[in-house]
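Inspection log for the structure reproduced underneath, given as structure tokens.
The values are calculated or read from the model by the stated rules, or taken from the named source; none is laboratory data. Treat the numbers as computed from the prediction; the structure is a model and nothing was measured. Methodologically, a virtual Cβ is constructed for each residue, glycine included, from the backbone with ideal geometry; neighbour enumeration extends over all protein chains shown.
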Amino acid sequence: MKLKIFLITSDNCSKCISVKNILNKIKKEGIDLDIKEFKHNTMIAAKIAVNNGITKIPGIVIEGGKVFDGRRLRRNEIREAIVESWKKNTKNKKK
């Protein structure tokens, strides 16, 4: 089962680059992620941001409800949120 990740970024954003690298490393570990990246100045990014309370970039929405915005994140922090969401979604789909 693929876990959807929405990522709102901007060009020349060092935190955005860091988050993209972290997500790609987690994906290489074998966690099946469907990462969709949106530039902050697009309508779809604005809609995602408003719907999830994101006010700063990078904005990350992990399927299952976990949201991060505007701060430098550690790999373990993102990975734990992804694993938690994956388990929650897998459990809900079995019902």
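Within segment 37-57, the set of residues being closer than 18 Å to Arg71 by Cα and in a loop (DSSP other than H, G, I, E, B) comprises His40, Gly53, Ile54, Thr55, Lys56, Ile57. Screening segment 1-55 for residues that are of a type in the set (Lys, Arg) and without any contact (Cβ under 8 Å) to a residue 40 or more places away in the chain and picking the one that is farthest from Asn76 (Cα to Cα) gives Lys47. Considering only segment 6-28, I want to know if a residue exists there that is at pLDDT below 90 and hydrophobic (A, V, I, L, M, F, W, C). Scanning segment 6-28, I find no residue that is at pLDDT below 90 and hydrophobic (A, V, I, L, M, F, W, C), so the answer is no. When segment 58-72 is filtered for residues that are buried (at least 16 other Cβ atoms within 10 Å of the Cβ), at negative phi and either at pLDDT below 90 or part of a loop (DSSP other than H, G, I, E, B) (or both), the ones remaining, listed by number, are Pro58, Glu63, Lys66.
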